[in-house]
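Participant: Before anything else, here's the structure in question.
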Amino acid sequence: MGCAISGLATKTEFSQKDGGDAAAAARPSEEQVQMIKDSWKVIRDDIAKVGIIMFVRLFETHPECKDVFFLFRDVQDLERLRTNRELRAHGLRVMSFIEKSVARLDQPERLEALAMELGKSHYHYNAPPKYYSYVGAEFTCAVQPILKERWTTEMEEAWKTMFQYVTSLMKEGYQEENARQRDLAASPKYRLDKNTAL
């Protein structure tokens, strides 16, 4: 695939090693935050391109991810996706989330709220947490050619740390919403309302 961290490495390098809760994932250091913010200034000029490359690569390296996206589920020709308006729009939404995350790196409470909320919404999209870490790996592969000589091992580690932290928060939000929905479904009032509606 042309990127050292794509494929099987994605599963181990970008996943949480001990279960994936936010407490276990370290926030990026001040030095890493600065590296991420500096590199984002270059990346943001190509966000539409990065978004498309990221998702096409994601579907190449992890075709099972297409099952979450009903619009792309049956698309076999990945090259056609490069010009797909819906994929471009979704890629831009993800890049917008990354941009907001980068802007909030030095405001941990705001970043945590943003990522938790996104995890909760992904519960309703039926997008399970096992896929979240794949996006970070494909993002780093997509931005390496844009950053060229600026890309270093330290910068790669900074972006990995950010994605591990953010995805752990998203997973926490997903699990929180999953538990809330289970509790809601188990409550007598919900069952009564549901039976009345039938």
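The values are calculated or read from the model by the stated rules, or taken from the named source; none is laboratory data. All values reported here derive from a predicted model rather than from experimental measurement. Please note: Cβ atoms are built from the backbone with ideal geometry, for glycine as well, and neighbour counts cover all protein chains shown. Heads up: the accessible areas ignore ligands, DNA and RNA and are worked out on the full protein's heavy atoms, side chains in. Shrake-Rupley method; radii C 1.70, N 1.55, O 1.52, S 1.80 Å.
Participant: Out of the residues in region 94-140 meeting the condition of being at pLDDT 95 or above and of a type in the set (Lys, Arg), tell me which one is nearest to Cys65 (Cα to Cα).
Facilitator: Lys120
Participant: Regarding region 45-68, can at least one residue be identified that is open to solvent by 40 Å² or more (accessible area, probe 1.4 Å) and at pLDDT 95 or above?
Facilitator: For region 45-68, residues open to solvent by 40 Å² or more (accessible area, probe 1.4 Å) and at pLDDT 95 or above: absent.
Participant: Every residue in region 97-120 that is part of a helix (DSSP H, G or I) and without any contact (Cβ under 8 Å) to a residue 12 or more places away in the chain, please.
Facilitator: Ala103, Glu109, Arg110, Ala113
Participant: Follow-up. Residues of region 122-165 being part of a helix (DSSP H, G or I) and farther than 20 Å from Val42 by Cβ, which ones?
Facilitator: Hits for region 122-165 are His122, Tyr123, His124, Pro129, Lys130, Tyr131, Tyr132, Ser133, Tyr134, Gln164, Tyr165.
One line per residue, one yes/no per condition, for (1) within 21 Å of Glu31 (Cβ to Cβ); (2) of a type in the set (S, T, N, Q); (3) surrounded by 14 or more Cβ atoms within 10 Å (Cβ to Cβ):
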| residue | (1), (2), (3) |
| --- | --- |
| Arg82 | no, no, yes |
| Arg88 | no, no, yes |
| Pro108 | yes, no, no |
| Lys120 | no, no, yes |
| Pro129 | no, no, yes |
| Gln144 | yes, yes, yes |
| Thr153 | yes, yes, no |
| Ala158 | yes, no, yes |
